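Okay, structure first, notes after.
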Amino acid sequence: MQDDQSAEVLYLQLAHSIATPIRAGTLMRGERIPSVRELARNRAVSIGTVLQAYRMLEDAHLIEARPRSGYFVATRSPSLPEPETSNPPADSMAVDVSSLAARVMHLAHDPAYISFGAACPSADLFAEERVRRAVSRAVQRHRATLCNYTTGYGDESLRRAIARHALRMGCQLDPQDIVVTNSCLESITLCLRAVTKPGDIVALESPTLFAFLEILENLHLRALEIPTHPRTGFSLDALQFAFDTQPIKAVLAVPTLSNPIGSSIPLADRQHLARMVADRGIPLVEDVLYNDFAELDEQRRAVRAFDATGHVMMCGSFSKTIAPGLRLGWVEAGRWGAKLVRLKESTSGSQTAVLERAMADLLTQPGIEAGYRQLRATVATRVDEARGLIARYFPAGTRVTDPQGGFILWVELPHSIDSLELFRVCLAENIVIAPGKMFSATNHFGHCIRLGLGGRWDDAHRHALRRVGELANSMVANQTDADKASGNGRVHPLAK
């Protein structure tokens with residue numbers, strides 16, 4: 001992340017301003033974009049800055065240069081359809097995903113493996129020296145806190161900084177109502193503990209983050225998975241039907257760039273969702289962890305911005321955008337704030353004060369907006385390149401998401417592929433992927449995988465992703481040979 005408006009930040013801003021309408025479909029394939037000189041004149045930047053931006057967009061396969069004609073929007077993998085809306089069972093399910101998830105996460109952090117298994121950004125995405133200086137300043141200025149036993153809801157300066165940050169999401173929060181936690185997952189756990197008891201039903205997206213399922217499992221809650229579209233999020237009609245037919249006690253949702261499918265609920269639906277939970281008196285636990293990765297301003301606007309009754313419990317962290325190693329989260333729990341505070345005090349108490357001061361410092365430094373733009377541009381380039389490799393090397397019939405931000409892809413392979421078996425054969429070549437079964441309490445998504453692209457991205461990782469596709473192709477070929485050997489190789493009439 002940059003501290004000033006340097007030339008590097010300018011070219012990233014320029015590239016992002018062109019990439020966003022391309023990904024949104026506002027600029028269509030084959031449409032001409034301004035020449036280098038024209039854009040330099042219009043934006044009052046140097047020709048070198050425009051050339052840097054255009055090179056970055058070319059590397060991301062968003063634009064292409066045509067000799068003596070100029071620059072045009074490139075064709076972006078038209079052979080890659082997106083996954084269909086999920087169709088989970090209508091009944092709630094007990095949860096048991098811990099063993100597989102634990103193994104994948106352990107291997108994903110083993111340096112002996114090339115990993116796409118975790119949704120964790122690598123250190124090279126962050127300004128390590130900037131974080132180090134902030135921590136050093138906090139230790140020097142507040143060293144007395146290192147030997148004091150701290151209590152309370154969190155350092156006041158950090159809670160004020162979080163309240164200012166929430167304005168970016170359209171939310172006016174009182175710093176006194178914000179509780180600092182050890183992580184976003186702790187915030188979510190505390191929220192669910194405050195509003196449910198064992199055996200209760202929690203509605204959530206399908207597929208959903210495996211860590212959410214582990215929380216439900218540990219709290220002995222039942223998961224009701226709601227049909228979810230890869231672009232527009234879970235179906236509000238299906239959620240309303242679930243409200244009408246089942247005793248749902250809470251909703252857990254990631255309205256912006258949900259993990260693992262990368263969907264973002266449209267703005268009007270966010271407002272409608274806030275009304276739905278208020279009308280029913282059902283708490284909505286909203287995870288805003290990825291909001292700063294969203295390419296469009298409206299996608300950063302939280303459901304909490306439309307909450308007039310205190311039924312939305314807002315949970316966040318800066319572990320994906322500022323400093324993963326500080327491990328600090330936060331929560332504003334609405335009408336359940338007092339109960340959540342009691343649970344927090346009896347569970348983990350307060351955090352380390354100097355780390356809270358360091359985070360407050362980082363959040364209030366100039367240039368943070370430019371840093372978010374740079375981060376979005378960097379991961380968007382990776383995602384676009386990965387989608388190109390998937391289109392080229394994965395089996396025919398593969399579907400993949402095209403999220404408007406973030407660094408996660410959800411890949412739907414042909415139904416003949418068992419993603420758990422693909423996980424095993426990839427491990428034999430020291431490659432880690434996340435099988436789809438991790439992301440549901442049901443038996444759905446057995447042919448899907450999640451790819452986390454926030455880690456290192458170099459030639460070794462590009463080759464590894466290509467190899468995943470080749471291994472998947474081998475599994476399809478082996479299945480075809482097995483069908484032929486068993487006499488099931490006749491051509492289906494619809495395939496003619």
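Observations
- Some residue of region 234-253 being over 28 Å from PRO81 (Cα atoms) and among the aromatic types (Phe, Trp, Tyr): yes
- Cβ pairs under 6 Å, 6+ apart, first in region 70-93 and closer than 27 Å to SER235 by Cβ and at pLDDT 80 or above, second hydroxyl-bearing (Ser, Thr, Tyr) and assigned to a loop (DSSP other than H, G, I, E, B): GLU82/THR401; PRO88/THR442
- Annotation: of all residues in region 14-63 being of a type in the set (Val, Ile, Thr) and outside any helix (DSSP H, G or I), the one that is nearest to THR378 (Cα to Cα) is ILE63.
- The residues on offer are ARG160, ARG168, and the sole one that is touching a Pro at 6+ places or on another chain (Cβ under 6 Å), under 29 Å from LEU363 (Cα atoms) and open to solvent by 50 Å² or more (accessible area, probe 1.4 Å) is ARG160.
- Selection of region 119-134 for residues being open to solvent by less than 60 Å² (accessible area, probe 1.4 Å) and either among the polar types (S, T, N, Q) or at pLDDT 90 or above (or both) yields SER122, ARG130, VAL131, ALA134.
- Flag if ARG164 is at negative phi, among the charged types (D, E, K, R) and touching a helix residue (DSSP H, G or I) at 6+ places or on another chain (Cβ under 9 Å): yes
- Filter pass, ARG103 being of a type in the set (Lys, Arg), within 24 Å of the chain's Cα centre (by Cα), closer than 30 Å to GLN404 by Cβ and in a helix (DSSP H, G or I): no
- Within region 295-321, restricting attention to residues that are β-branched (Val, Ile, Thr) and open to solvent by less than 10 Å² (accessible area, probe 1.4 Å), the residue that is farthest from PHE407 (Cα to Cα) is VAL312.
- Residues that are open to solvent by less than 100 Å² (accessible area, probe 1.4 Å) and either in a loop (DSSP other than H, G, I, E, B) or free of Cβ contacts under 8 Å to residues at least 12 places away in the same chain (or both), drawn from region 135-157: SER136, HIS142, ALA144, ASN148, THR150, GLY152, TYR153, GLY154, ASP155
- Here ASP279, ASP292 are screened, and the one residue that is open to solvent by 30 Å² or more (accessible area, probe 1.4 Å), outside any strand (DSSP E or B) and acidic (Asp, Glu) is ASP279.
Every residue, every condition in (1) modelled with pLDDT under 90; (2) closer than 24 Å to SER317 by Cβ; (3) open to solvent by less than 30 Å² (accessible area, probe 1.4 Å), yes or no:
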| residue | (1), (2), (3) |
| --- | --- |
| LEU422 | no, no, yes |
| VAL425 | no, no, no |
| ALA428 | no, no, no |
| GLY452 | no, yes, yes |
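- Residue match in region 306-318 (condition: under 15 Å from the mean Cα position of the chain (by Cα) and part of a loop (DSSP other than H, G, I, E, B)): yes
- Identity of the residue in region 37-53, surrounded by 14 or more Cβ atoms within 10 Å (Cβ to Cβ) and in contact (Cβ under 8 Å) with a residue 24 or more places away in the chain, that ends up farthest from ASP402 (Cα to Cα): VAL45
- From ILE322, ILE265, residue being part of a loop (DSSP other than H, G, I, E, B) and at pLDDT below 95: ILE322
- Count of region 327-384 residues which are open to solvent by 40 Å² or more (accessible area, probe 1.4 Å) and part of a loop (DSSP other than H, G, I, E, B): 4
- Count of region 216-226 residues which are part of a strand (DSSP E or B) and either under 20 Å from ALA101 (Cα atoms) or modelled with pLDDT under 95 (or both): 4
- Taken as a whole, region 199-207 holds no residue that is under 24 Å from TYR153 (Cα atoms) and not hydroxyl-bearing (Ser, Thr, Tyr).
- Selection within region 196-215 - assigned to a helix (DSSP H, G or I) and open to solvent by less than 30 Å² (accessible area, probe 1.4 Å): PHE210, ALA211, PHE212, LEU213, ILE215
- Region 385-415, residues that are open to solvent by 40 Å² or more (accessible area, probe 1.4 Å) and touching a Pro at 6+ places or on another chain (Cβ under 9 Å): ALA396, GLY397, ARG399, ASP402
- Looking only at region 228-244, and only at residues there that are polar (S, T, N, Q) and touching a residue at least 40 places away in the same chain (Cβ under 8 Å), the one that is surrounded by the fewest Cβ atoms within 10 Å (Cβ to Cβ): SER235
The values are calculated or read from the model by the stated rules, or taken from the named source; none is laboratory data. Bear in mind that the values here come from a model prediction, so they are computed numbers and not experimental data. Every residue, glycine among them, receives a Cβ derived from its backbone with ideal geometry; neighbour counts consider all protein chains shown. Protein only, heavy atoms only, side chains kept; ligands, DNA and RNA dropped before computing areas. Shrake-Rupley method; radii C 1.70, N 1.55, O 1.52, S 1.80 Å.
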